[in-house]
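Colleague: Take a look at the following structure, please.
The values are calculated or read from the model by the stated rules, or taken from the named source; none is laboratory data. Just so we're clear, the structure is a prediction, and the values are computed from it rather than from any experiment. Please note: Cβ atoms are built from the backbone with ideal geometry, for glycine as well, and neighbour counts cover all protein chains shown. With ligands, DNA and RNA removed, areas are computed over all heavy atoms of the protein, side chains included. Shrake-Rupley method; radii C 1.70, N 1.55, O 1.52, S 1.80 Å.
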Amino acid sequence: MGLPVGFGLCAVLLGGFFQGTMLLPMKFTQRWQWENTWLCFSATAYLLTPWILTFFLVSHFPHMLTEVSPRALATTFLFGAGMGAGALLMGVGYRYVGMAIAFAIVLGISSTIGTLVPLIVFAPDQITKHQGLSVMAGVAIALVGTAVVSLAAWERDARDKRDLSTSRPDSEKRTRNAAIGLVLCISSGILSSCGNLGFAFAGEISEKARQMGAGPTGASSAIWTVILFPVFLCNFIYSLYLLRRNHTSQLFFERGTIHYWALGILMGLDWMAGMAAYGAGALSLGKLGTSMGWILFVASMIVVANVSGALTGEWKGSSPRTLGIMAAGIAILMIAILVVGTAGKPAYAKSLSCPSTRAAQTAGPRVCHERSHVSVVRHR
């Protein structure tokens with residue numbers, strides 16, 4: 001396996017690690033409400049960090065964005081709006097069906113769409129070959145693993161809710177709420193895939209950043225600044241609405257919670273580190289980067305999130321059966337990661353000499369030849 005491919009796979013898995021642990025600081029902000037922590041996190045993750053990171057990694061940024069066509073910027077922005085709406089719909093949907101079911105539906109749909117669409121659009125010739133078959137097999141295995149992990153989470157939560165559900169025999173209302181929740185979660189899964197689709201189709205932004213001397217991390221950060229701005233707006237507006245409705249804005253200034261600001265910022269830095277690592281890895285994996293990378297990213301994120309949750313006591317008191325199901329789900333996800341990883345073994349000569357995005361693929365042999373001589377110095 002060539003070094004760039006190995007770098008790409010490691011970077012994507014590292015991104016999954018960061019994403020899987022980014023909620024841990026929230027366990028230590030109990031005196032704040034959700035909207036307090038989330039507003040601090042959103043401002044850091046979706047607005048400040050990507051812009052600061054890109055400013056230092058891409059020359060002449062943000063002026064660089066003025067040289068990108070309005071159509072490319074608008075398309076990327078719309079994908080970001082879809083990503084933001086998807087996140088909010090999941091937040092509402094899980095109140096109806098529970099986090100386990102919401103987690104399975106949203107991640108299952110978003111990982112499938114976010115993986116297969118770039119594969120079909122950018123590498124249709126690979127669908128029936130080893131690389132494409134490995135990616136699709138990995139998607140199928142990851143869906144099974146996600147369902148198994150979600151079953152374990154459902155069993156864990158069902159015990160706590162059993163007494164409440166038996167004391168409230170309003171089955172008709174629960175059925176209606178479940179239907180609403182399923183619609184919201186399915187919609188969220190479709191929209192949540194817009195994050196990776198926006199990244200995959202933002203070839204013009206990536207290519208412009210590379211022309212300014214940026215490496216994979218800088219090029220991916222330039223894309224995220226556009227995608228994440230509407231995501232920030234969605235989360236910012238919703239958090240302000242909750243602060244106003246719940247009268248919780250005063251909690252920001254409550255004595256003894258000054259370190260909560262640092263925890264919220266840490267969440268944002270962790271989240272953006274994950275996206276930057278994923279973006280750099282995907283851009284280093286060739287034509288299949290956003291397909292291979294996305295399913296690896298999601299699978300590793302689920303594994304790390306559940307392991308970190310177990311280490312911090314989230315699964316304390318669960319039955320051996322429930323813990324066994326969770327372990328089986330994690331093992332299946334690890335198999336999915338290994339299967340998708342085999343897609344990186346075939347010869348990558350073409351992908352090493354040419355970038356993965358559509359705009360760069362159409363730039364012609366001259367650009368690919370020139371980049372092969374400068375790829376080392378641009379990894380910064």
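Colleague: Could you check the spin-label model distance between A137 and V92? Points 7 Å from the Cα along Cα→Cβ, value in nm.
Modeller: 4.1
Colleague: In nm, to one decimal, how far is the modelled label at A262 from the one at H63, with both set 7 Å along Cα→Cβ?
Modeller: It is 3.8 nm.
Colleague: Here's another thing I want to ask about it. Under 20 Å from a point placed 7 Å out from the Cα of L233 along the Cα-to-Cβ direction: which residues of region 21-61 have their backbone N that close?
Modeller: Those under the cut-off are 39-52.
Colleague: For L242 and I190 in one chain, what is 0.36 nm times their gap in residues minus the Cα-Cα distance, to one decimal in nm? Walk me through the intermediate numbers first.
Modeller: Details: separation 52, 0.36 × 52 = 18.72 nm, distance 2.51 nm.
Full extension of this stretch gives 16.2 nm more.
Colleague: When the accessible area of region 1-138 is split by element with a 1.4 Å probe, what percent falls to carbon and sulfur?
Modeller: Working: 4690 of 6240 Å².
C and S fraction of accessible area: 75 percent.
Colleague: Further question on the same structure: Roughly speaking, what is the stretch gain from I127 to V307, that is 0.36 nm per residue apart minus the C-alpha to C-alpha distance, in nm to one decimal? Don't jump to the answer; show the numbers that get you there.
Modeller: Values: separation 180, 0.36 × 180 = 64.80 nm, distance 3.29 nm.
Gain on extension, I127 to V307, equals 61.5 nm.
Colleague: Give the residues of region 277-303 whose amide nitrogen is closer than 15 Å to a point set 7 Å from the Cα of I120 in the direction of its Cβ.
Modeller: Within reach of a label on I120: 291.
Colleague: Per 0.36 nm of contour for each residue apart, how much would the distance between Q250 and L73 grow if the chain were fully extended, relative to their Cα-Cα spacing?
Modeller: Numbers: separation 177, 0.36 × 177 = 63.72 nm, distance 3.76 nm.
Residue separation times 0.36 nm, minus the Cα-Cα distance, leaves 60.0 nm.
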